[in-house]
Amino acid sequence: MQKTLFPRVRPRRLRLNETIRDLVSETNINKSKLIQPLFVSDTLKQKEEIVTMPGQYLYSKYDVLSEIDELADLGINTIALFPNIESDLKDISGSEALKEDNFICSIVRQIKERFPKLVIITDVALDPYTSSGHDGIILDGKIDNDLTLEALSKMSINLASSGADILAPSDMMDGRIGKIRDSLEKNNHKDIILLSYAAKYASNFYGPFRDAVGSKQTEGISKKTYQMDSKNLKEAYKEILLDINEGADIVMVKPAMPYLDVINDLNQKTNVPIFAYQVSGEYSMLKMGIDKKIFDHNVVPETLISLFRAGSSSVITYFAKWTAENYDNIS
Ligand code: PBG
């Protein structure tokens with residue numbers, strides 16, 4: 001069959017030069033679809049590079065503002081904030097997370113005052129605050145789902161009141177989206193967007209993030225008791241349907257590149273935007289390969305394109321700023 005088509009059909013005609021390739025390209029990177037995660041410390045006076053994430057920093061509350069200034073100049077208008085909390089404030093139930101005037105709430109207020117148009121995403125999870133490094137409260141040697149929900153919903157109200165635009169529950173407790181959505185409605189936070197980490201896999205790629213946030217697990221419990229098993233695809237559909245029905249506006253797949261099939265599958269089956277999170281380990285792997293000249297930096301847009309091609313609407317990536325700086329042909 002194919003034999004008779006050639007030479008009338010020559011796919012290479014559409015690859016002749018860059019202008020033609022751009023005319024027919026099916027997927028583009030647009031910097032308005034890139035979200036930059038930022039780590040902020042409650043004690044540092046000056047930013048420090050994260051050793052396991054070269055080129056990424058743990059910011060102080062002072063220099064995070066100038067970083068956001070630079071991002072805004074480059075056209076990156078959405079950030080995802082993660083706090084690094086001093087260990088003295090951590091306890092087994094993560095009680096610091098529930099305080100209305102805690103560090104993350106004050107930093108959100110400060111950022112919002114200076115950058116009213118910036119879209120701020122905050123994680124809703126206890127891991128920066130628990131001495132165990134877990135996303136839930138431990139009771140009788142287990143992560144207690146329902147006890148954790150109370151904490152998450154209180155935390156969400158505080159974050160919404162401080163000015164966060166998008167709340168991103170990343171804890172993977174059952175029923176948390178419904179619980180958080182109901183409390184938001186009750187407290188008159190009707191426009192808060194819930195970006196649910198719905199298909200969040202228990203991954204080995206989160207290590208550098210845990211260094212940055214200081215949330216290395218100390219207890220013998222595994223995050224596999226709440227995050228998804230990487231062997232499952234159908235279950236991702238089950239998780240996102242639950243979250244959509246409970247009031248999520250956007251659902252996330254995480255990590256990104258090892259789970260392209262999940263992004264593709266969910267995008268075909270649902271009508272909500274799917275975001276992908278290119279996580280810390282994916283970043284470090286690429287960055288170290290580039291720095292060691294094992295491959296060149298064009299691997300970065302190639303990975304981002306793969307995520308958009310699979311069906312992501314937007315991507316959270318530590319390369320957001322770098323991409324906006326280095327690729328001026330993205331619009
Ligand atoms: C914690 C959280 C994690 C990430 C985002 N939120 C780590 C974890 O679940 O242990 C990982 C992000 C990354 O690796 O870049 N709630």
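Read the figures in this text as sums done on the coordinates, not as results from a lab. Predicted, not measured: the structure shown is a model, and the values here were computed from it. Note: ideal-geometry Cβ built from the backbone for every residue, glycine included; neighbour counts use all protein chains shown.
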- Query: Which FRET efficiency value, to the nearest 0.05, do you get for THR43 and LYS3 by plugging their Cβ-Cβ distance into 1/(1 + (r/R0)^6) with R0 = 56 Å?
  - Reply: 0.20
- Note on the structure: Cross-link reach from LYS238 to aspartates and glutamates, straight Cα distance under 19 Å and at least 8 residues apart if same chain, gives ASP171, ASP174, ASP229, GLU246, ASP249, ASP261, ASP265
- Does the chain come out rounded, prolate or oblate by the C-alpha gyration tensor, with a ≥ b ≥ c the root eigenvalues, rounded set by a/c under 1.5 and, if not, prolate when a/b is larger than b/c and oblate if not? prolate
- Item | Debye, to nearest 20: dipole size of the chain, +1 on Lys, Arg Cβ, -1 on Asp, Glu Cβ | 1600
- Paramagnetic reach from ASP63 in region 89-117 [backbone N under 13 Å; point 7 Å along Cα→Cβ]: none
- Message: Cβ neighbours within 10 Å, averaged per peptide: list 113-125, 220-232 in order, most packed at the top.
- Response: 113-125, 220-232
- Task: Kindly flag which residue pairs out of LYS117/LYS142; LYS61/LYS216; LYS47/LYS190; LYS45/LYS190 have an alpha-carbon separation exceeding 32 Å in this structure.
- Result: LYS117/LYS142; LYS47/LYS190; LYS45/LYS190
- Would you please put 302-314, 242-254 in order of how densely packed they are, using the mean number of other Cβ atoms within 10 angstrom per residue and starting with the highest? 242-254, 302-314
- Query: Over all Cα pairs of region 173-298, how is the pair count split among 10 Å bins, expressed in % and running from 0 up to the last occupied bin?
  - Reply: 12, 35, 33, 17, 3, 0
- Message: Using only DSSP helix segments of four residues or longer, with each worth -39500 (n - 2.57), what per-residue ellipticity at 222 nm results for the chain after dividing by its residue count and rounding to 500?
- Response: -11000 deg cm²/dmol
- Quick one: check the C-alpha center-to-center distance for region 1-38 versus region 238-266, whole angstrom. 27
- Task: Determine the shape class of region 1-126: with a ≥ b ≥ c the square roots of the Cα gyration tensor eigenvalues, call it rounded for a/c under 1.5, and otherwise prolate if a/b is greater than b/c, oblate otherwise.
- Result: prolate
- Task: Using the structure shown, list the pairs from LYS90/LYS321; LYS200/LYS224; LYS224/LYS254 with a Cα-Cα distance above 20 Å, or answer none.
- Result: LYS90/LYS321
